[in-house]
Amino acid sequence: MSEQPEQLKIKALQELEGVTSADKLEQWRVRYLGRKGELTLILRSLAELPPDERKTLGARANQTKVSLEEALKQKEQVIKEAQLVAAKKGGIDITLPGRPLPAGRLHPITQTLHEICDIFSAMGFQVVEGPEAEWDYYNFEALNIPPEHPARDTQSTFWIAHGTGNREKSASVNTGTIGAVSPSVRYEMEGGEKPMLLRTQTTSVTARTIAEVGEGKRQLPIMVVEPGKVYRYEATDATHGWMLYQIDGLVVDKHITMADLKGALYEFVHRYFGADRKVRFRADYFPFVEPGVEVAIECAICRGDGCRLCGDSGWIEIAGAGMTHPDVLRRGGIDPDVYTSFAFGMGADRTVMLRYGVDDIRLFYGSDLRFLRQF
């Protein structure tokens, strides 16, 4: 019994020298230092010895345990280093590039807005923006759409009730809420305050830009494009949404004619849709321009022969435009006898749908990455 710790130590260390793998090392640890290992059994048998012998043999057995544990740690380090060397030689090629990380991208409508603005910027236009929560004056009245104008019947508007007007007549709309309210009820609500709304068109920025001339905040001539969100109180379907993106444009200078308008929009269509795309201008009515035109492009699917996408007409409308009405200029302090102007407006959502042949606007506002990654 008195020779067992030293003999066990010599035996264990000799055996440890031949261990070359982590699995073998674990087997060695269990055999000598485990709960039922040989050294553990010696330590447990000390209780049967006389006190003096127990003390002496116990000290030697503990010293053996410390030596074996230290040898175990050293062997673990040697095996780990050997594994790293082997991995560098054949298991891992450290010259390979790392795994690619997925990169975020701009939304297709955002890409479209940037591209359209870049096209007009190259022609000398300045990009300006305006508030989405707008005064009724800039959204309607400054654009020749007074409260009694029939054009308001075509505008489905989110009105913002915020004032202290006739509370009996406006009881159906709480202060500080947003809802669809008819123009007549909304003006009864006004009570001397200026009504607000979520803008239905970015043409409100056109009205603000013209007003800045009369206020001395902007100098003539003007060449601006005005991108942004607009809001309509409408049901959502394949071609309509309650929120969409528009881009309006405005040019004010001396001797501006319809030829300048046509030249600017021809250039945009050819740069965005392709140099071979045909463009059609046809008379149309908008309250804030006179004369007004509808701008259409040749259908990309049938090339003018007629198909389901273009309603068998061969053409698809992309914008409304015209010569800015003299009254609109006059309200901003611009003399229409000296300066003339043209304006246009288009839907960015519709533009990207026509370019890529997408037939459902809701796809752009969903979360299907399989669709969005195509752009």
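Using only helices, what value at 222 nm comes out for the chain when you add -39,500 (n - 2.57) per DSSP H run of length 4 or more and divide by the total residues, to the nearest 500 deg cm²/dmol?
-12000 deg cm²/dmol
How long, wide and thick is region 1-55, going by the Cα atoms along their three principal axes, in whole angstroms, largest first?
Result for region 1-55: principal-axis Cα extents of 41, 20, 12 Å.
Give me the Kirkwood hydrodynamic radius of region 4-91, using the inverse of the mean 1/r over all pairs of distinct Cα atoms, in Å to one decimal.
When all Cα pairs of region 4-91 are included, the Kirkwood radius is 14.2 Å.
What residues qualify as long-range amide H neighbours of Trp315, i.e. H under 5 Å apart, gap of 5 or more or another chain, H built at 1.01 Å from N?
Cys299
Hey, with R₀ at 41 Å, roughly what FRET efficiency would Arg99 and Arg355 work out to, going by the Cβ-Cβ distance, to 0.05?
0.75
What percent antiparallel are the DSSP beta bridges of the chain, to the nearest 5?
In the chain, DSSP labels about 95 percent of beta bridges as antiparallel.
Listed here are the pairs Lys11/Lys80; Lys11/Lys75; Lys229/Lys262; Lys9/Lys80; Lys9/Lys36; which of them are more than 20 Å apart at the Cα?
Result: Lys11/Lys80; Lys229/Lys262; Lys9/Lys80 exceed 20 Å.
5 Å is the cut-off here: which amide hydrogens, built 1.01 Å from N in the peptide plane, fall below it relative to Val127, excluding neighbours closer than 5 in sequence?
Amide H neighbours of Val127, under 5 Å, 5+ apart: Val225.
How far apart, in nm, are two points set 7 Å out from the Cα along the Cα-to-Cβ line at Lys11 and at Glu129?
So the label points at Lys11 and Glu129 sit 8.2 nm apart.
Could you give the radius of gyration (one decimal) and Dmax (whole number) of the Cα atoms in region 324-375, in Å?
19.4, 55
For the chain, what is one quarter of the convex hull surface built on the Cα atoms, given in nm²?
With the hull built on Cα positions only, its mean projection is 37.7 nm².
Give the long-range amide H neighbours of Phe158: residues separated by 5 or more places, or on another chain, with amide H under 5 Å away, using H modelled in the peptide plane at 1.01 Å from N.
Residues meeting the amide H criterion: Leu198, Tyr233.
Each reported figure results from applying straightforward, stated rules to the coordinates on display, with no laboratory input. Treat the numbers as computed from the prediction; the structure is a model and nothing was measured. A quick note on method: Cβ atoms are made from the backbone with ideal geometry, for glycine too, and the neighbour counts reach across all protein chains shown.
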